[in-house]
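Undergrad: The structure under discussion is supplied below as structure tokens; questions concerning it will follow.
The values are calculated or read from the model by the stated rules, or taken from the named source; none is laboratory data. Bear in mind that the values here come from a model prediction, so they are computed numbers and not experimental data. Note that each Cβ is placed from the backbone with ideal geometry, even for glycine, and that neighbours are counted across all protein chains shown. Side chains included, ligands, DNA and RNA excluded: accessible areas come from the protein's heavy atoms. Shrake-Rupley method; radii C 1.70, N 1.55, O 1.52, S 1.80 Å.
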Protein chains: 2
Amino acid sequence: MRAKKRQRQSELQSLLDDNPFLTDQELAERFAVSIQTIRLDRMELGIPELRERVKMVANDAYAKIKSLGEEELIGDLWQFEPEVRGVSTLDATMEMIYEKTMTVRAEHIFAQANSLAVFMANSSEAITVGASVQFLRPVYAGERLVCTAAIVKREEKRIHMDVTTTSTDSLVFSGKFILGISV
Amino acid sequence: MRAKKRQRQSELQSLLDDNPFLTDQELAERFAVSIQTIRLDRMELGIPELRERVKMVANDAYAKIKSLGEEELIGDLWQFEPEVRGVSTLDATMEMIYEKTMTVRAEHIFAQANSLAVFMANSSEAITVGASVQFLRPVYAGERLVCTAAIVKREEKRIHMDVTTTSTDSLVFSGKFILGISV
DNA sequence: CTATAATTGTGAGCAGGTAATAATAGCCGG
DNA sequence: CCGGCTATTATTACCTGCTCACAATTATAG
């Protein structure tokens, strides 16, 4: 009997690990045991109830999505002079980190810069066609990245921009972006 | 009276837009009205109850996190010859799109490339120090991006890599990455 | 065969609601 | 100033998916 219990509990654990949206009811049916058994198992495993699980997923998600998700502008716009320059800030979080080195992954720094560049070109429909970038020093969680994009030259079909990112007064990123205007 | 109501409802809307975790109770206190008023407002605005909102966030999140979140390697590794080349694929989704142009935002393409480059350098602790990249054509949702990173030169403290991304047999991205080795 | 472990059942109570119905307050036009 | 309308508040019953406490049953190992 004890073997069955352990078996069920470990299955329960992994089942809920990759699908937190199951009710005790559904779990009870899946394992062909009573709802109370499922509750006892959850207690023993320290697994919270459905609603708490969903809340946790939603919360994580909320943090992570902000870090690099569907936002059009990554970071928060701080200053904006149309056709001249824009400044955005982004707080580096643990979600952005490459574990081995504990440094912020380059794509996040690039994303802040690129999205600001695209935003600056907002007079029309712009897409990034090229960029030459340097990541000048490693960035750690907790740093506040201040990104400045300045329009260098505006041609008929292209915009050239210089984008730099600083943190605690030292340069961490510098890049030249070329955006193409399609309309 | 009508003005007050509209005011409150629009505030309610935007409040819940960027914080779906508020109960009717809390909202009622915030607006100094009864709980029923809040419920009526939600009805009129078609806003579901707290639990449904949280569930929605959790669900989205579940999908979105997969697209571009805390993963170390963005995309799925397809081929890997240590010290030579690696290939990853990434399906472009609606979450990656810049609304105005309906094209995938450059940072996603960059992220796939950069994370693959870092992965390739996995023998040691590598960080991106520079990159020169071209986005050769717009990419739309639904395309499968196949990214190839090849090691060009390995120096004592640096790795040079060529990274290209293709989709439906045409080149969409090409870049040269330089990674620094710290250990 | 019995002591212990595992399972099942029962009832009360809670949070955060829905739904329906009624009563009250505030304002506006005539 | 009063009738009518909208907005607001209150009240009650009910729902889901639990928790908590307690009891009863079943299984099984020693």
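Undergrad: Counting only residues that are more than 12 Å from chain A (Cβ to nearest Cβ) and either more than 8 Å from DNA strand C (Cβ to nearest atom) or acidic (Asp, Glu) (or both), which one in segment B:15-26 is most open to solvent (accessible area, probe 1.4 Å)?
TA: B:Asp17
Undergrad: Also, quick follow-up: Is there a residue being among the hydrophobic types (A, V, I, L, M, F, W, C), in contact (Cβ under 8 Å) with a residue 12 or more places away in the chain, more than 12 Å from DNA strand C (Cβ to nearest atom) and under 19 Å from B:Arg51 (Cβ atoms) anywhere in segment A:55-64?
TA: First, pick out the residues of segment A:55-64 that are among the hydrophobic types (A, V, I, L, M, F, W, C): A:56-58, A:61, A:63.
Within this subset, residues satisfying the condition of being in contact (Cβ under 8 Å) with a residue 12 or more places away in the chain are A:56-57, A:63.
Add one more test, that the residue is more than 12 Å from DNA strand C (Cβ to nearest atom), and what stays is A:56-57, A:63.
Filter once more, so that each one left must be under 19 Å from B:Arg51 (Cβ atoms): A:56-57.
Yes, the conditions are met somewhere in segment A:55-64.
Undergrad: Return the pairs, sorted by first residue and then second, in which the second residue is aromatic (Phe, Trp, Tyr) and near DNA strand C (Cβ under 9 Å from one of its atoms), the first residue lies in segment A:37-52 and is in the same structural domain as A:Gln7 (by TED's automatic domain parsing), the beta carbons are less than 9 Å apart, and the residues are 6+ apart or on different chains.
TA: A:Thr37/A:Phe31; A:Ile38/A:Phe31; A:Asp41/A:Phe31
Undergrad: Could you check how many residues of segment B:124-150 are within 8 Å of another protein chain (Cβ to nearest Cβ), within 22 Å of B:Pro82 (Cβ to Cβ) and open to solvent by 20 Å² or more (accessible area, probe 1.4 Å)?
TA: 3
Okay, residues lined up against (1) in contact with a His (Cβ under 9 Å, 6 or more places away or on another chain); (2) modelled with pLDDT under 95; (3) away from DNA strand D (no atom under 11 Å from the Cβ); (4) open to solvent by 50 Å² or more (accessible area, probe 1.4 Å):
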| site | (1), (2), (3), (4) |
| --- | --- |
| B:Lys4 | no, yes, no, yes |
| B:Ala28 | no, no, no, no |
| B:Gln36 | no, no, no, yes |
| B:Lys64 | no, yes, yes, no |
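Undergrad: Same structure, new question: May I ask you to say which residue of B:Thr89, B:Thr93, B:Thr101 is within 7 Å of chain A (Cβ to nearest Cβ) and either under 15 Å from B:Glu143 (Cβ atoms) or touching a Cys at 6+ places or on another chain (Cβ under 9 Å) (or both)?
TA: B:Thr101
Undergrad: Also, I was wondering about something else. Can you pull out the residues in segment A:75-123 that are among the hydroxyl-bearing types (Ser, Thr, Tyr) and either open to solvent by 60 Å² or more (accessible area, probe 1.4 Å) or under 25 Å from A:Ala61 (Cβ atoms) (or both)?
TA: A:Ser88, A:Thr89, A:Thr93, A:Tyr98, A:Thr103, A:Ser115, A:Ser123
Undergrad: Given the structure, is B:Glu155 within 11 Å of chain A (Cβ to nearest Cβ) and of a type in the set (Asp, Glu)?
TA: no
Undergrad: Does segment A:48-56 contain any residue that is more than 10 Å from DNA strand D (Cβ to nearest atom) and under 24 Å from B:Val57 (Cα atoms)? Before you say what the answer is, go through the steps one by one.
TA: Our first condition is that a residue be more than 10 Å from DNA strand D (Cβ to nearest atom); within segment A:48-56, this holds for A:55-56.
Imposing the further condition that a residue be under 24 Å from B:Val57 (Cα atoms) reduces the set to A:55-56.
Yes: segment A:48-56 contains one or more residues that are more than 10 Å from DNA strand D (Cβ to nearest atom) and under 24 Å from B:Val57 (Cα atoms).
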